[in-house]
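The values are calculated or read from the model by the stated rules, or taken from the named source; none is laboratory data. This one's a predicted model, so the numbers in the text were calculated from it and none came from an experiment. Note that each Cβ is placed from the backbone with ideal geometry, even for glycine, and that neighbours are counted across all protein chains shown. Accessible surface areas use protein heavy atoms only, side chains included; no ligands, DNA or RNA. Shrake-Rupley method; radii C 1.70, N 1.55, O 1.52, S 1.80 Å.
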Amino acid sequence: MAPKMMYYLSIFIILVGMNSEFGAGLDGHYYEKTCPQAESIIYEVVRNATTFDPKVPARILRMFFHDCFIMGCDASVLVESTPNNKAEKDGPPNLSLGAFYVIDDAKTKLEKSCPKTVSCADTLAIAARDVVLLSGGPKWSVLTGRKDGKKSRANETINLPAPTSNTSQLIRSFGQRGLSTKDLVALSGGHTLGFSHCASFDGRLRNFSAAHDTDPTLDPQLATDLKRKCPKPNTDGSAGQFLDSTASIFDNDYYTRVVAGKGVFVSDQSLLGDYRTRWIVEAFARDQGLFFKEFADSMLRLGNVGVIENGEVRENCRVVN
């Protein structure tokens, strides 16, 4: 084969590989002509909301993850239930989600500027990038072109990874969505932002097993602190624990805490105890720059999970057109 033909064939293979990883329907310049101001509109809304409510970054990032893991990144998590359908938003794992108003505000402004153009799914994906950036984390170019799904079912949320999951269960769950073990560890680093109520980890504190009252992988001092914050019976529904010691800053403190036995969830701490993930946790704990790079790459892959091209662009993110 002629050298020039070999060159073009090589370029073609590279482009096909890129499309298979990030989705043929997604494009970094999707709104360049139809709504070039889309990202700046979303950023402004997210920045203002974060200024007034420091919980927004963790909530938007978690919302994006929960959306993509159930039926793909199609904004189905934003849909309200109806008398005939209980939507994802009202599934048990999603009852603690919040900050939906941020996406609503962004969508309202987008509709005024570019009617019926920017999908709710893309709005959420861009907002998730922006909250990481505003919290001191990495920036990446969000690929856009997602369409909004027309279905949302609460019973699907049973498939979300639980804070009680072990590493094997997590690897299996991520693998079913085309995500690697490295993606699992990198995306778990999103726990650097946020807070958990006691119910998600109190199983580690008392009657953990026949041999141990408290989970032996949990740092003893942290266990004592958590028992104080989460007494039995616990009448304070707001009680809980931040997931790292710099919970409003996107950094690699989450990993240093896991290495020290201070991961709050079973799903966090199990990453250190499994040979398939331990080396990645330790690498991210040593090198924040490496974590930032891998997190950005994994968010791109997460954003490609279940992308649909035959959906719609909702005018109101809470209601299917």
Got a sec? Which helices (runs of 4 or more DSSP H) wholly within region 224-299 have at least 2 residues that are in contact with a Lys or Arg (Cβ under 7 Å, 6 or more places away or on another chain)?
266-273
Is it true that Val142 is more than 20 Å from Val79 (Cβ to Cβ) and either buried (at least 24 other Cβ atoms within 10 Å of the Cβ) or at pLDDT 95 or above (or both)?
yes
For region 253-293, name all the residues that are over 23 Å from Arg204 (Cβ atoms) and open to solvent by 10 Å² or more (accessible area, probe 1.4 Å).
Trp279, Ala283, Arg286, Asp287, Gln288, Gly289, Leu290, Phe292, Lys293
Number of the exception - Lys150 against (1) touching a Gly at 6+ places or on another chain (Cβ under 8 Å); (2) not in a loop (DSSP other than H, G, I, E, B):
(2)
Would you check which residues across region 43-82 are open to solvent by 30 Å² or more (accessible area, probe 1.4 Å) and part of a loop (DSSP other than H, G, I, E, B) and list them?
Asp53, Pro54, Lys55, Met71, Glu80, Ser81
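Quick one: in region 98-122, of everything that is open to solvent by less than 20 Å² (accessible area, probe 1.4 Å) and in a loop (DSSP other than H, G, I, E, B), which residue is nearest to Lys150 (Cα to Cα)?
Of all residues in region 98-122, those open to solvent by less than 20 Å² (accessible area, probe 1.4 Å) come to 98-99, 102-103, 106-107, 110, 114, 118-122.
Subset that is in a loop (DSSP other than H, G, I, E, B): 98-99, 114, 118-119.
Numbers: Gly98: 21, Ala99: 22, Cys114: 21, Val118: 16, Ser119: 12 Å.
Across region 98-122, the extreme among qualifying residues is Ser119.
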Residue check for Ala210: part of a loop (DSSP other than H, G, I, E, B), of a type in the set (Gly, Ala, Ser) and either open to solvent by 40 Å² or more (accessible area, probe 1.4 Å) or in contact (Cβ under 8 Å) with a residue 24 or more places away in the chain (or both):
yes
